[in-house]
1. Quick one: how many residues across region 186-205 are in contact with an Asp or Glu (Cβ under 8 Å, 6 or more places away or on another chain), at pLDDT 75 or above and in a loop (DSSP other than H, G, I, E, B)?
2. How about region 256-267: which of its residues are open to solvent by 40 Å² or more (accessible area, probe 1.4 Å) and either closer than 15 Å to G341 by Cα or among the aliphatic types (A, V, I, L, M) (or both)?
3. Exactly one condition in (1) touching a residue at least 40 places away in the same chain (Cβ under 8 Å); (2) over 19 Å from V395 (Cβ atoms); (3) among the aliphatic types (A, V, I, L, M) is false for L269; which is it?
4. Just checking, which of V236, V253 is among the β-branched types (V, I, T), within 21 Å of T199 (Cα to Cα), assigned to a loop (DSSP other than H, G, I, E, B) and at pLDDT 95 or above?
5. What are the pairs, 6+ residues apart or on separate chains, where a residue within region 357-370 that is within 13 Å of S383 (Cα to Cα) and open to solvent by 70 Å² or more (accessible area, probe 1.4 Å) has its Cβ under 8 Å from a residue that is at pLDDT 85 or above and of a type in the set (D, E, K, R)?
6. Can you tell me which residue in region 271-290 is farthest from S359 (Cα to Cα), limited to those that are open to solvent by 50 Å² or more (accessible area, probe 1.4 Å) and in a loop (DSSP other than H, G, I, E, B)?
Amino acid sequence: MKLKTTALTLALLALAACGPGGGGGGGGVTGCNLSGTIDTQVTLTPSACNPYHVTGDLYVEEPGKLVIEPGTTLEFAQDTGLYVSGHGALVAVGTAADKILFTGASKTRGYWNGVVFQSFANSLDNELKYAVIEYAGADEKWDGGAFGYYRAAVELEEEARTKMTYTLVRESEGFGVFMANDAFFGADSSPDGDFAHNTLTQNAAGPIAIYENKVGHLDASNDFSGNDTGHDYVYVGAGYTDIPTQTWQNLNVPYLIMDKASVGNGELLTIEAGTTLVFDQDAGLEAYGDAAAIKAIGTPSAYITFTGKQPIKGYWAGLHFDDSDSADNVLRYVIVEYGGGEDGFLGADAKGNIVVSSSGNASHQRITIEDSTVRYSLHWGISVAQETADTINNVTYDGNNDGDYQKRP
């Protein structure tokens with residue numbers, strides 16, 4: 001149950017909480033024990049207590065701020081967690097030499113709940129830096145979107161935000177990090193280094209669960225490898241919002257696209273050389289509208305790969321360009337394989353690894369495919385609408401059931 005302190009209790013706890021190097025006191029702090037609600041500024045220092053024992057759920061509520069100094073350890077009792085709400089703030093900034101540790105009283109996966117930035121916990125002061133978060137992920141929640149039931153060690157709910165850099169998240173019973181589709185890393189939706197240099201490893205469900213519109217937050221300085229067998233992916237929830245203009249960087253694990261992801265009209269998705277996109281069953285990627293575009297330009301030594309999670313023809317829907325006249329629709333030095341699924345974007349006459357479609361209103365479609373391999377489609381390798389301006393050069397085809405190239409009548 002959530003505990004709420006009175007003004008008198010706050011005053012008494014402030015006296016009890018102060019120790020050598022201690023902060024200004026506040027609700028939820030009794031000596032070295034933490035629980036209940038913090039709604040003033042409280043500073044935790046290793047010289048006062050190390051570790052601090054979180055004996056019950058700890059809430060940081062507006063106008064409270066919990067500041068945790070370098071070298072501090074918080075040890076959580078079973079099934080407890082740290083929750084930040086509203087304009088309350090968590091500032092946990094360690095150093096490379098003195099990291100801040102959030103851990104369980106027992107070193108067991110899923111022993112405690114984790115660090116949760118609750119809905120609308122959007123203080124610009126929220127920050128995790130040089131922190132270690134381990135043995136969390138006890139609390140199973142319902143996403144209501146792509147992920148269904150999930151667990152995570154660090155969670156950003158609806159319109160929550162935090163900066164997170166140089167932080168290690170390990171031994172979660174679920175994901176290392178979960179991010180809702182309208183949450184933020186840092187001040188805005190731009191990939192500006194506010195989620196960088198993190199290591200998310202040894203987690204049961206994978207390193208991170210994120211929605212398609214937020215993938216541009218992730219940069220290649222993060223390490224997402226070393227999770228449980230079969231879970232070294234960045235899990236991308238799809239089908240709930242359009243992808244805005246952004247770049248998907250070449251990470252050290254593949255992206256796993258869990259449904260049909262769409263680039264909205266007027267937006268450009270750029271995919272870096274060397275990137276691998278793996279598609280779950282019946283998933284796909286499309287650009288729809290006159291000015292929508294997907295630009296995937298690899299190099300001879302760093303192809304971009306679009307593939308199915310299983311090497312089965314038709315496992316995923318394929319790449320779809322719908323009424324797009326953008327010159328940025330370029331696939332160069334790519335491999336597209338195992339697409340053309342029966343649950344494709346279009347009708348039975350337009351299924352393939354790569355499909356360009358027309359609404360039939362004499363609009364103009366455009367695509368360039370060069371120096372690439374298109375193979376193992378359940379239907380066509382490439383299928384384009386009659387009016388498509390397509391530039392197709394030096395494409396290698398193999399094992400496409402209906403044929404390699406089709407310009408539909």
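The values are calculated or read from the model by the stated rules, or taken from the named source; none is laboratory data. Here the structure is a predicted model, which means the values were calculated and not measured. Here Cβ is always computed from backbone atoms with ideal geometry, including for glycine, and neighbour counts include all displayed protein chains. Ligands, DNA and RNA are stripped out before the accessible areas are found, and what is left, the full protein with its side chains, is counted by its heavy atoms. Shrake-Rupley method; radii C 1.70, N 1.55, O 1.52, S 1.80 Å.
1. 8
2. Correct list: M258, D259, K260.
3. So the condition that L269 fails would be (1).
4. V253
5. Short answer, once both residue conditions are applied: R366/D325; R366/D390.
6. For region 271-290, the residue satisfying everything is E272.
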